[in-house]
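*Asks:* Take a look at the following structure, please.
The values are calculated or read from the model by the stated rules, or taken from the named source; none is laboratory data. The structure presented is a predicted model; accordingly, all values stated were derived computationally and were not measured. Every residue, glycine as well, gets a Cβ built from its backbone with ideal geometry; the counts of neighbours run over all protein chains shown.
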Amino acid sequence: METILLTEDLRVEYRTQTSGVGRKVAVRDLNLRVQAGEVFGFLGPNGAGKTTTMNVLLGFVNPTHGNAYLFGVNVREPIARQRIGFLPELTYYYKFLTAEELLRFYARILGIPSSETDKRIARLLRLVELEAVRKRPIKTYSKGMQQRIGLAQALINNPDLLILDEPTSGLDPIGRMKVREIIQRLRGEGKTVFFSSHELGEVETVCDRVAILHEGELRMEGRVSDLTQKYQTDLEKIFLQVIGYQSQSCP
Amino acid sequence: MNKILALAGVVIKELYRRKDFYVLFILTALITLVMGAANFFNDTNIVRYLIEICLLLIWISALAIAIGTAARQIPAERENRTIFPLLAKPVTRAHLLVGKFLGCWLACGIALVVFYTFLAIVSGAREHQWPVVHYFQALWLHWMCLAVVVGLVLWGSVIFSAPSANATICLIVVVGILLLGRHLNVVALRQAEPLSSILYTVYFVIPHLEWFDVRDLIIHGQGLVAWPAVLLASLYAATYTATFLLMAWLVFRRKALNV
């Protein structure tokens, strides 16, 4: 099976302003391998290093040590990003553009022929249910609508790998269900999905495999079914156990 | 090239969907028309002053558009987080910088065409003369000058995080060059060392934007600038623009962008 995403001893350190600390290790020697067709959940509490890892995968941040590859190409090469789609946690797009113009802009960036662009835009706007507002400027959209147009832009190049950073954050239940449906649909099409989320019930439903990151270190990795069978509990409890969380009950 | 053109297209769309350009144009038009309507001292040559004022307003407006548009490009991309889905595509930071430059420069070009057409109509209506080639030459040199300004501001925008700080600094630098640039060598002669050498170095390093200002030729109805000189000035502007964009890229290429 083809390896779509690979990190080798990935380490990211930041300089900090705090006196006495000097450098903070955001990601510590991370080794990850995601195979084609998998839906991979990347979990961890806030500040665990999930977003930093995604930043490296997308070329926004250079690793201090180690390498990361997408489709066998080092992420430092822009061509590594030709076959991926990315949805950031907080989606903001050019507010003065309409949904249609935004998708056309990204299609042009990706070199999609104009004859094909119209078909894709129509299909994607139907998928994210924004057909009726396609001519409206994005500044008039609600948060949920902006998240959906974000998803449409991530899918414009029909990507083989979709990287989603907390895609359901701030969405209402209908919006969450819609995102879940889209992820499952992509899995059905054989696409690879790599996503971070704090919604562990949702992760358990849609993911094949998960990795749990804590304080920059990979603490656990495996198939969701294997983990829940081994620990005889749900993913949320496994997660809390792995990060060493102790519930403090009120007196 | 397609990526660069797509990026430039967004900058141009932004310009004509914002109010800045329209406000500046209406302001320039109103001031010029009001002044043109008045008959000062029954002076038949008053149209010269009218052209002078209109050209000054065009220069001020064009600088405001160039600096205002270029200064917000990269910081706004980062602040609004639009840079992340963009750079997650196969777009390099060099593409982004060149696309932004091209967009700002073309936007300035469109604004200049509107402003100079207005000037030609106003002066033509009063003087019944249409020195189209003079206006074209002035517009071209003005546009080349704005290329240098846009390049400089883009470089500033990757150094200074606040667009307002960058715009203010660049405005002071550009106005300083326009007003004092041509006098620096003379001032240097009158200074003791090492100030004299420093001023000379500054004189030779700064882009001489004042060379692109041919307003006086239009106001006083003088002849055209020799075309080889226009070509050399264009090459001079291209060299400075490329240098500023290169400096911007050197700063921006390794800059960490955190989501």
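*Asks:* Mind listing just one residue for me: the one in region A:134-177 that is of a type in the set (S, T, N, Q) and free of Cβ contacts under 8 Å to residues at least 12 places away in the same chain and, of those, farthest from residue A:190 (Cα to Cα)?
*Replies:* A:140
*Asks:* If you don't mind, another one. Given the condition within 11 Å of chain B (Cβ to nearest Cβ), in a loop (DSSP other than H, G, I, E, B), of a type outside the set (Ser, Thr, Tyr) and under 20 Å from residue A:4 (Cα atoms), answer yes or no: does some residue in region A:90-100 qualify?
*Replies:* Within region A:90-100 (the criterion being within 11 Å of chain B (Cβ to nearest Cβ), in a loop (DSSP other than H, G, I, E, B), of a type outside the set (Ser, Thr, Tyr) and under 20 Å from residue A:4 (Cα atoms)), the answer is no, since none of the residues qualifies.
*Asks:* Same structure, new question: All but one of (1) closer than 30 Å to residue A:74 by Cα; (2) aliphatic (A, V, I, L, M); (3) away from chain A (no Cβ under 14 Å); (4) surrounded by fewer than 22 Cβ atoms within 10 Å (Cβ to Cβ) hold for residue B:154; which doesn't?
*Replies:* Against the list (1) closer than 30 Å to residue A:74 by Cα; (2) aliphatic (A, V, I, L, M); (3) away from chain A (no Cβ under 14 Å); (4) surrounded by fewer than 22 Cβ atoms within 10 Å (Cβ to Cβ), residue B:154 comes up short only on (4).
*Asks:* Next question. Based on what the data block shows, is residue A:193 closer than 30 Å to residue A:14 by Cα, in a helix (DSSP H, G or I) and either hydrophobic (A, V, I, L, M, F, W, C) or in contact (Cβ under 8 Å) with a residue 40 or more places away in the chain (or both)?
*Replies:* Criteria not met by residue A:193.
*Asks:* Could you tell me which of the residues B:175, B:148 is more than 24 Å from residue B:232 (Cβ to Cβ), among the β-branched types (Val, Ile, Thr), at pLDDT 90 or above and assigned to a helix (DSSP H, G or I)?
*Replies:* Exactly one of B:175, B:148 is more than 24 Å from residue B:232 (Cβ to Cβ), among the β-branched types (Val, Ile, Thr), at pLDDT 90 or above and assigned to a helix (DSSP H, G or I), namely B:175.
*Asks:* Applying the selection to region A:41-80, what residues are of a type in the set (S, T, N, Q), over 19 Å from residue A:198 (Cβ atoms) and either within 13 Å of chain B (Cβ to nearest Cβ) or buried (at least 20 other Cβ atoms within 10 Å of the Cβ) (or both)?
*Replies:* Correct list: A:62, A:64.
*Asks:* Give the residue that is farthest from the other protein chains (Cβ to nearest Cβ), with candidates limited to residues of region A:101-120 that are touching a residue at least 24 places away in the same chain (Cβ under 8 Å) and farther than 30 Å from residue A:52 by Cβ.
*Replies:* The selected residue is A:120.
*Asks:* For region A:168-206: of the residues being over 21 Å from residue A:84 (Cα atoms) and of a type in the set (Val, Ile, Thr), which is modelled with the lowest pLDDT?
*Replies:* A:174
*Asks:* Let me ask something additional. Scanning for something surrounded by fewer than 20 Cβ atoms within 10 Å (Cβ to Cβ), within 13 Å of another protein chain (Cβ to nearest Cβ) and of a type in the set (Gly, Ala, Ser), does region A:165-187 turn up at least one residue?
*Replies:* yes
*Asks:* Then there's this: Which pairs do you get when a residue that is closer than 30 Å to residue B:234 by Cβ and acidic (Asp, Glu), found in region B:187-210, comes within reach of a residue that is loosely packed, with under 14 Cβ neighbours inside 10 Å and modelled with pLDDT under 85, reach meaning Cβ atoms under 8 angstrom, with the pair 6+ apart or on two chains?
*Replies:* Taking only residues 6 or more apart or on different chains, not a single pair turns up.
*Asks:* Let me ask another. Going through region B:203-231 one residue at a time, which ones are at pLDDT 85 or above, of a type in the set (A, V, I, L, M, F, W, C) and out of contact with any Gly (no Cβ under 9 Å at 6 or more places or on another chain)?
*Replies:* Selection gives B:204, B:205, B:212, B:214, B:226, B:227, B:229, B:230, B:231.
*Asks:* Those residues that are crowded, with 21+ Cβ neighbours inside 10 Å and at the interface with chain A (Cβ under 7 Å from one of its Cβ atoms), I need them from region B:1-13; list them, please.
*Replies:* Residues satisfying the conditions are B:3, B:6, B:10.
*Asks:* Sticking with this structure for a sec: Have a look at B:205, B:251, B:225 and point out the one that is among the aliphatic types (A, V, I, L, M) and closer than 30 Å to residue B:134 by Cβ.
*Replies:* B:225
*Asks:* Right, something else. Does residue A:148 satisfy being basic (Lys, Arg), modelled with pLDDT under 90, under 24 Å from residue A:83 (Cα atoms) and surrounded by 18 or more Cβ atoms within 10 Å (Cβ to Cβ)?
*Replies:* Spelling it out, residue A:148 is indeed basic (Lys, Arg), modelled with pLDDT under 90, under 24 Å from residue A:83 (Cα atoms) and surrounded by 18 or more Cβ atoms within 10 Å (Cβ to Cβ).
*Asks:* Something else about it: One residue is enough: does region B:31-47 have a residue meeting the conditions buried (at least 21 other Cβ atoms within 10 Å of the Cβ), assigned to a helix (DSSP H, G or I) and either away from chain A (no Cβ under 14 Å) or among the β-branched types (Val, Ile, Thr) (or both)?
*Replies:* Yes, the conditions are met somewhere in region B:31-47.
*Asks:* Right, something else. Out of B:99, B:109, B:103, B:68, report the one residue that is more than 9 Å from chain A (Cβ to nearest Cβ), outside any loop (DSSP other than H, G, I, E, B) and touching a Phe, Trp or Tyr at 6+ places or on another chain (Cβ under 9 Å).
*Replies:* Within the list B:99, B:109, B:103, B:68, the selection yields B:109.
*Asks:* Would you check which residues across region B:71-96 are in a helix (DSSP H, G or I), at the interface with chain A (Cβ under 7 Å from one of its Cβ atoms) and more than 26 Å from residue A:158 (Cβ to Cβ) and list them?
*Replies:* Residues satisfying the conditions do not exist here.
*Asks:* Within region B:204-231, which residues are in a helix (DSSP H, G or I) and closer than 12 Å to residue B:178 by Cα?
*Replies:* B:209, B:210, B:211, B:212
*Asks:* Working only within region B:226-259, note down all residues that are more than 18 Å from residue B:71 (Cβ to Cβ) and either within 14 Å of chain A (Cβ to nearest Cβ) or in contact with a His (Cβ under 6 Å, 6 or more places away or on another chain) (or both).
*Replies:* Within region B:226-259, B:253, B:254, B:256, B:257, B:258, B:259 qualify.
To keep it simple, each residue is scored yes or no on (1) part of a strand (DSSP E or B); (2) under 30 Å from residue A:159 (Cα atoms).
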residue	(1), (2)
A:183	no, yes
A:198	no, yes
A:219	yes, yes
A:222	yes, yes
A:227	no, yes
A:230	no, no
A:244	no, no
